[in-house]
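Scroll down for the structure; my scribbles are underneath it.
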Amino acid sequence: MQHFEDSIYNLIVETSTNLPGDVRRAVAKGRALEDIATRSGLALTTIAQNIGMAELQVSPICQDTGMLTFIIHTPVGVNQIEMKKDIYNAITRATKDGKLRPNSVDSLTGENSGNNLGEGTPVIHFEQWEEQGIDVRLILKGGGCENKNIQYSLPAELEGLGKAGRDLDGIRKCILHSVYQAQGQGCSAGFIGVGIGGDRTTGYELAKKQLFRKVDDVNPIEDLNKLEDYVMENANKLGIGTMGFGGEVTLLGCKVGVMNRLPASFFVSVAYNCWAFRRQGVLIDPSTGTIQDWLYESGTGISVEGSKVPEVGDSPESKSESREVRLTTPISEEDIRSLRVGDVVILSGEMHTGRDALHKYLMDHDSPVDLNGAVIYHCGPVMLKDEEGWHVKAAGPTTSIREEPYQGDILKKFGIRAVIGKGGMGPKTLQALQEHGGVYLNAIGGAAQYYAECIKKVNAVDFMEFGIPEAMWHLEVDGFAAIVTMDAHGNSLHADVEKDSAAKLTQFKEPVFK
Ligand SMILES: O=C(O)C[C@H](O)C(=O)O
Ligand code: SF4
C-alpha cells in the first residue's frame, strides 16, 4: 500500500495537534457551566486558547503525546507485517518533526529510545473484519491521566460510599469514586471509559476502548445508558473542578462497556482521560493506502475560546486578597513569603525543568547550576534542535505528586523558592514550603502551546542522558503565569478541595439503582 505510511503520519499529526470536534463541543459546554472568572474558569479559558494555538501551529496540544494505541480493522488478505513497518516509520518521522514527544523509556535502564519505538510501544491491536476498508483508530493518552486509571474488585468498601456490591449500584459507586480519587491530577475536566467484567487485563482494555466512542453517542444497553446519564448528572457535584481548583466542571464524558466475567471475579475498570482527549481515526483504501474518510468530526472551525479572558481581579475568589504578582528569578524569601494561595504569579527570568529522574538524582548529588532563589518547573517538553540550537515546541506541566518523596528535601538543600507543576503536592512538601519559605505554583495542565509561547530562549541543558523529557532544561521565560495553590503559610488549595470533595462524595452513599 504505497501511501499507507503517509496516511498514518497524517493521522498522528492530526491527533496530536487538532482536538476533535466532539471533544471541543464538550469543553465548550464545560466552559459555559463554569463561572468563567474563577480559577477553574480561567483554567478552562487557558485550555481553550491552547487548543486554538496547537491547531494553528500544528504543534502538540499537550507535550505528553502519550502512549500511541492503535485499533486497526483490516479486510482479509491485507499484509499486517508491512502495515506495522509503515506505522513504525510514520511514528519515527512524527517524533523527528516534533509532533510527538519521545515517550518510549526502557523500564529497567530509564533510557529513552528517542523515537517512540521499543518493546511494547506503540500498542497495535489488529482485527480482521468483513468490510472492504481499513479502519485505523488512534488514541494518544498521556501518562498523568493513565496514572489515574483505577480498577475495583467487587464487592468492596469504598471511601465515603460504604459497601459497593456486585450490581449496577455498586458499579455506580466505583465510577463516582474513580472521579473523586483522580482529583485534578489527571488534568480534569476529564472523560472516563469504564469496563465492567472481563479479567484484570481485558477489563482495562474494554475501558480504554470506550474512549473511542463519540462523546455524544447513546449507549445501546439501556441500563448502561441510564448509568452514563446518572454519572454525568452527578459527578460534577463533587466540586473538584478544572485542574482540581474547585468548581462546577470535573467530568465531561462517561462511556461504559460490559463483558462477561469469571464467577469469582467482578472487576470495574476505569480509564481516566484528561481534557486533552486526543483520539482520531481514518478509513483507508487497501489498494492505495490513501485516506478515504476521517472517522471523528474535525475540530477545525469549532471554537472553544468563547468570550474575552477576564482579568484575574474579576473573579469572586480574587475579590478577597489574591492578586497578580510579577516576580523575576532569582526570587527572595521575603517575596515568596508575601504570596498567598490564590495569587497569580507572573514569572520572568530563568527557570529549570526537573521531574522524576532529576529529583532522584539531586537527592544524592549536587546541582550543575546554582538553584538559590530558583524556580523548578515539573515539565518534560517537546524540543527540536536546528542550526540555531534548541527550540521549545510544547511545554506544559507534569503531575507534581510524583516528586512528593523528594521535593521538600531538595527545596531546602538547594534553596529553591518555587516549584511549578500541576495537581498539587502533599503534606511533606507543604511543611517544607512553610519552614524553608517556598510556594507551589499550579500551571494549567496540558496548556503546552500556551507555556511554550512564554519560553523565550533555551539557555542550556544538562543530563541529556535522561532523555529529552527528563533532562534539566534551563529556560528563559517571560510572562509565565501560574496560580499559588500551596503557600509558605501552611495553606493548600489541593488539601481543601480534597477534603471538600470527600465530604460531597458521601451524598452518593444511598442506593440509586435498586
Ligand atoms: O509527562 C508529562 O509531560 C505530563 C503527564 O502526562 C502528566 O500528566 O503528568
Ligand atoms: S499533562 Fe495533563 S493534558 Fe497532558 S497528557 Fe498529562 S494529563 Fe493529559
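Things to note:
- Going by neighbour counts of Cβ atoms within 10 Å, the residues I455, I51 line up, fewest first, as I455, I51.
- What you get for region 143-273, charging only the Cβ of Lys and Arg (+1) and of Asp and Glu (-1), is a dipole of about 260 debye around the Cα centre.
- Translational diffusion of region 314-498, µm² s⁻¹ [Kirkwood Rh, Cα pairs; Stokes-Einstein; 10 °C; 1.306 mPa s]: 98
- Computed helical MRE - 222 nm, the chain, DSSP H runs ≥ 4 contributing -39500 (n - 2.57), nearest 500: -9500 deg cm²/dmol
- Legend note: in the chain, cysteines whose Cβ sits 4.7 Å or more from every other cysteine Cβ are C62, C174, C254, C379, C454.
- Largest-first principal axis extents, alpha carbons of region 17-100, Å: 55, 29, 20
- Counting Cα-Cα pairs of region 403-514 in 5 Å increments starting at 0 gives whole-percent bin shares of 2, 10, 15, 18, 18, 15, 8, 5, 4, 3, 2, 1, 0.
- Working ranking of peptides 431-438, 210-217 by packing, defined as the average number of other Cβ atoms within 10 Å per residue, highest first, is 431-438, 210-217.
- Rounded to whole numbers, the Karplus 3J(HN,Hα) couplings from phi for region 291-296 are 6, 9, 6, 9, 9, 10 Hz, using 6.51 cos²θ - 1.76 cosθ + 1.60 with θ = phi - 60°, and x at Gly and Pro.
- Least to most buried among F414, F267 (fewest other Cβ within 10 Å first): F414, F267
- Residues whose amide H falls under 5 Å from that of K457, counting only those 5 or more places apart or on a different chain, are E476, with hydrogens built in the peptide plane.
- Look at where the Cα atoms of region 437-453 and of region 197-272 average out, and the two centres are 29 Å apart.
- Pairwise centroid distance, computed over Cα atoms, of region 490-511 with region 112-177, Å: 25
- Using only alpha carbons, region 107-219 has a radius of gyration to Kirkwood radius ratio (Rg to Rh) of 1.01.
- Distance from region 408-434 to region 1-57 (C-alpha centre basis), Å: 32
- By DSSP, the beta bridges lying fully in region 27-131 are antiparallel in about 20 percent of cases.
- When V461, V512, V282, V439 are sorted by how many other C-beta atoms sit within 10 angstrom of their C-beta, beginning with the fewest, the order is V512, V461, V282, V439.
- Per residue, the Cα convex hull of the chain amounts to 147 Å³.
- A protection proxy built from the mean count of other Cβ atoms within 10 Å ranks the segments 464-475, 371-382, most packed first, as 371-382, 464-475.
- Pairs of Cα atoms farther than 26 Å apart, region 170-288, %: 21
- When peptides 326-333, 105-112 are sorted by average Cβ neighbour count within 10 Å, with the highest value leading, the order is 326-333, 105-112.
Coordinate-derived values only; no laboratory data. As the structure is a computational prediction, the values presented were derived from the model and not from experiment. Using ideal geometry, Cβ is built from the backbone for each residue, glycine included, and neighbour counts are taken over all protein chains shown.
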